[in-house]
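Each remark here refers to the structure printed beneath this line.
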Amino acid sequence: IASLSLVLAACSGDKEEKKENTNEETTTADKKVNPAGEMMKFYLSISQSINEVDADLNAYESAKAEEALPEGADLKKMQDAAKTAADNAAVKVEELEVPSELKDHQESIDSALNKIQEAYTMKSEALAAEGEVVLDEANAKFEEADAELNKVLEEVELEGSSIFNEVSL
């Protein structure tokens, strides 16, 4: 009986160990995420974060493009609101954290985010300066970031897109 008890105890211990190993494998398998899915979620979070705060900047840029900017105090008020929106967008981009699941693309994503933040800073500075507001350099910087993000999208087998278009609506 004592021998049988030892054999049964050893067998049940093996079963528990196998069960624990299986649970560990399942947990590890669960942790293996699809980088494309993670990148898509993160990519969408970029535009969502910016769109939360950039409406006044978009209104200014749209009016400028249509040559429909107001004059005098109304223009100053619109530029001030656009400047604040650009500042807020730069902060939102700075607050973004790249998910650990995208660590293989961390450097490229960080570079793109830095360029987006720099583009908003450049827009803010242009809006604060005296004279005509020129946003061409800032938009070019943003397009550089777009190209970098598109490269990452393609690396994880997603179609390219344009953050610039998504946040300029």
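The values are calculated or read from the model by the stated rules, or taken from the named source; none is laboratory data. These figures come from a predicted structure and were not determined experimentally. Here Cβ is always computed from backbone atoms with ideal geometry, including for glycine, and neighbour counts include all displayed protein chains. Side chains are part of the model used for accessible areas, which takes the heavy atoms of the whole protein and leaves out ligands, DNA and RNA. Shrake-Rupley method; radii C 1.70, N 1.55, O 1.52, S 1.80 Å.
Of the conditions (1) in a helix (DSSP H, G or I); (2) touching a residue at least 60 places away in the same chain (Cβ under 8 Å); (3) under 22 Å from TYR43 (Cα atoms), SER108 satisfies every one except a single condition; which number is it?
(2)
Of the conditions (1) in contact with a helix residue (DSSP H, G or I) (Cβ under 6 Å, 6 or more places away or on another chain); (2) open to solvent by less than 60 Å² (accessible area, probe 1.4 Å); (3) touching a residue at least 24 places away in the same chain (Cβ under 8 Å), GLU101 satisfies every one except a single condition; which number is it?
(2)
So ASP80 passes all but one of these: (1) of a type outside the set (S, T, N, Q); (2) open to solvent by 30 Å² or more (accessible area, probe 1.4 Å); (3) within 23 Å of VAL156 (Cα to Cα); (4) out of contact with any helix residue (DSSP H, G or I) (no Cβ under 7 Å at 6 or more places or on another chain). Which condition number does it fail?
(3)
Taking the stretch 78-98 as the search range and keeping residues that are assigned to a helix (DSSP H, G or I) and closer than 13 Å to PHE42 by Cα, which one is nearest to the chain's Cα centre (by Cα)?
VAL93
On the basis of being at pLDDT below 95 and over 25 Å from LEU153 (Cα atoms), does ALA2 make the cut?
yes
Being hydrophobic (A, V, I, L, M, F, W, C), open to solvent by 20 Å² or more (accessible area, probe 1.4 Å) and under 13 Å from the mean Cα position of the chain (by Cα) is the filter here; which residues of the stretch 124-169 pass it?
Scanning the stretch 124-169 gives a single hit, PHE164.
Could you identify the single residue in SER62, SER49 that is out of contact with any Asp or Glu (no Cβ under 7 Å at 6 or more places or on another chain), part of a helix (DSSP H, G or I), loosely packed, with under 15 Cβ neighbours inside 10 Å and not charged (D, E, K, R)?
Checking each option against the conditions leaves just SER62.
Among the numbered criteria (1) modelled with pLDDT of 95 or more; (2) of a type outside the set (Ser, Thr, Tyr); (3) open to solvent by less than 40 Å² (accessible area, probe 1.4 Å), which one does ALA36 miss?
Evaluating ALA36 over (1) modelled with pLDDT of 95 or more; (2) of a type outside the set (Ser, Thr, Tyr); (3) open to solvent by less than 40 Å² (accessible area, probe 1.4 Å) leaves (1) as the failure.
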